[in-house]
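A short write-up of the structure that comes next.
The values are calculated or read from the model by the stated rules, or taken from the named source; none is laboratory data. Please read all numbers here as calculations on a predicted model, not as lab measurements. Cβ placement follows ideal geometry from the backbone for every residue including glycine, while neighbour counts extend to all protein chains displayed. In case anyone asks, the SASA skips ligands and DNA or RNA and just uses the protein heavy atoms, side chains included. Shrake-Rupley method; radii C 1.70, N 1.55, O 1.52, S 1.80 Å.
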Amino acid sequence: EGEPGFTHTQRTFGAVYEASLKQGNWNVHHGFLWDDWIKENPNFEHIEAKFDYIPLGEYDADMPVTKKEAAHKMRQAFSQILDSFKPMLVIGGMEPETADAWIKIDQAFGMKASAEELSHPETFPEGYVRWRYTTAIRKDTPFISRTGPPAPVDHSKFRIVVPRSDGTPFFPN
């Protein structure tokens, strides 16, 4: 806290990510694998992995309306899932009181730290969500079923939350 660009939102999402990994929940990495899984499937063609950066605030006066709408929807989605994070933070080793403090700014007003930040896009520090998606066309041929198990996945090469440029983690344990 107190560093330039610090947000409760980034801290909270990063802590949930780290808690997921501590519990062996590798499902958080499926976004990295989706396009490879589709490419390995013989039933699809014209496969294209794409991504876009969705802003969490309105940083540019000339931002297109569609980008502003996407930013608004992303902030709404983030705000709506905050309450579901407490159990994951606690399971990941955080004290319940600390989890409450990270999620709630002022219990008297019931405001959530991240939700309060997200409700003010004009002052939210510049931040983006990388939205990754894959498109493909189903071939017009009989369906081919997989005959063997899927290839094993080395999850150690995937990181959604990466260290800072100086090598220190964003979310130390």
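Against the conditions (1) assigned to a strand (DSSP E or B); (2) out of contact with any helix residue (DSSP H, G or I) (no Cβ under 9 Å at 6 or more places or on another chain), Glu97 satisfies every one except (1).
Residue-wise test of (1) open to solvent by 90 Å² or more (accessible area, probe 1.4 Å); (2) within 18 Å of Gly127 (Cα to Cα); (3) at pLDDT 75 or above; (4) not acidic (Asp, Glu).
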site: Glu1; (1), (2), (3), (4): yes, yes, no, no
site: Gly57; (1), (2), (3), (4): no, yes, no, yes
site: Thr66; (1), (2), (3), (4): yes, yes, yes, yes
site: Phe78; (1), (2), (3), (4): no, yes, yes, yes
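For the stretch 33-43, a tally of residues being open to solvent by 60 Å² or more (accessible area, probe 1.4 Å) and hydrophobic (A, V, I, L, M, F, W, C) returns 2. Can you find a residue that is of a type in the set (Val, Ile, Thr), modelled with pLDDT under 80 and more than 13 Å from Met74 (Cβ to Cβ) anywhere in the stretch 128-145? No, every residue in the stretch 128-145 fails to be of a type in the set (Val, Ile, Thr), modelled with pLDDT under 80 and more than 13 Å from Met74 (Cβ to Cβ).
Applying the criterion of being touching a helix residue (DSSP H, G or I) at 6+ places or on another chain (Cβ under 6 Å) and of a type in the set (A, V, I, L, M) to the residues of the stretch 34-50, the residue that is modelled with the lowest pLDDT is Ala49.
All conditions in (1) touching a Ser or Thr at 6+ places or on another chain (Cβ under 9 Å); (2) part of a loop (DSSP other than H, G, I, E, B); (3) modelled with pLDDT of 70 or more hold for Pro125, with the sole exception of (3).
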